[in-house]
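Asks: One structure follows; several queries about it will come next.
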Amino acid sequence: MSKAGRLVVLVSGSGTNLQALLDASADPAYGARVVAVGADREGIEGLARATRAQVPTFVEKLGEYPTRADWDAAIAARIAAYEPDLVVSAGFMKILGTPTLQAFPVLNTHPALLPSFPGAHGVRDALAHGVKVTGCTVMLADEGIDTGPIVAQEAVPVLPDDDEAVLHERIKTVERRLLVEIVGRMAREGWTVSGRTVRIGNQSGGEST
């Protein structure tokens, strides 16, 4: 059974999910703390949030490496330097490679109820399909796109006047709360994975990650 006390959070933009984790981890009872924030670009608000919270940061730009494999190895090494128990991809717009995924459990979020509407346009695709309920998913990342074992999901209703921006904002509000809740529970209670089933806490029937 794994526990997640030390968090490395990866960001590519404004870092609202990161801020929610920083705020939660200010309480020692939360059980986890952000030990570093990584990004694939400079000058973003996510890095500024980390700096204001006095959390170390690092940047690994894909374009500075001759191959994707070189970048995969470099970012895995930067993450490893902080000895995380859990890596959280919080709006990180790059797919992490095998070196990171094999070394650490990686938690990711998606603005739809997987396996429906994977990929970069989950909110738009759900609206286009005419669903009446969508939501958000917290998953353990694997080498596919939004295909990892699901840790938690929460439904969000689609309202008649929703457009993509309005619906996405409502999903993000739920996503932030759910992510903070799940990271905290994983930190305090540990988790097990058996096939595609993830269980948080002292429950039988799983192999530890």
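Asks: Relative contact order of the chain: what whole-number percent is it, with Cα pairs under 8 angstrom and at least 6 residues apart?
Replies: About 22 percent, as a whole number.
Asks: Which percent of the accessible heavy-atom area of the chain goes to carbon and sulfur, probe 1.4 angstrom?
Replies: 51
Asks: Here is a further query. Determine, for each peptide in 6-19, 48-61, 112-125, the mean count of other beta carbons within 10 angstrom over its residues, then list the peptides with the highest first.
Replies: So the order, starting with the most tightly packed, is 6-19, 112-125, 48-61.
Asks: Which of Val55, Pro105, Gly38 sits farthest toward the positive end of the charge dipole of segment 29-115, with +1 on the Cβ of Lys and Arg and -1 on the Cβ of Asp and Glu?
Replies: The Cα lying farthest towards the positive end belongs to Val55.
Asks: Return the FRET efficiency for the residue pair Glu169, Glu189: r is the Cβ-Cβ distance, R0 is 25 Å, and the value is rounded to the nearest 0.05.
Replies: That gives a FRET efficiency of 0.25.
Asks: What distance in nm separates the two pseudo spin-label positions at Leu159 and Lys132, each 7 Å out from Cα along the beta-carbon direction?
Replies: The modelled label-to-label distance comes out at 1.7 nm.
Asks: What number, rounded to the nearest 500 deg cm²/dmol, is the helix-based mean residue ellipticity at 222 nm of the chain, given -39500 (n - 2.57) per DSSP H run of at least four residues and division by all its residues?
Replies: One gets -10500 deg cm²/dmol as the mean residue ellipticity at 222 nm.
Asks: Suppose a student asked you for the relative contact order of segment 48-172, using Cα pairs under 8 Å spaced at least 6 residues apart; what percent would you report?
Replies: 18
Asks: Normalised by the residues of segment 30-109, what does the relative contact order come to in percent, with Cα pairs under 8 Å and at least six apart?
Replies: Reported as a whole number, the value is 26 percent.
Asks: Can you list the aspartates and glutamates whose alpha carbon sits under 17 Å from that of Lys61, skipping same-chain ones fewer than 8 residues off?
Replies: Asp40, Glu42, Glu45, Asp70, Asp72
Asks: Further question: Over the alpha-carbon set of segment 112-209, divide Rg by the Kirkwood Rh and report the Rg/Rh ratio to two decimals.
Replies: My calculation of the ratio gives 1.02.
Asks: Say each of Asp27 and Arg52 gets a label point 7 Å from the Cα, pointing the same way as Cα to Cβ; how far apart are those two points in nm?
Replies: That separation, rounded to one decimal, is 2.1 nm.
The values are calculated or read from the model by the stated rules, or taken from the named source; none is laboratory data. All values reported here derive from a predicted model rather than from experimental measurement. Positions of Cβ are backbone-derived with ideal geometry, glycine not excepted, and every protein chain shown enters the neighbour counts. Surface accessibility is based on the protein's heavy atoms, side chains included, excluding ligands, DNA and RNA. Shrake-Rupley method; radii C 1.70, N 1.55, O 1.52, S 1.80 Å.
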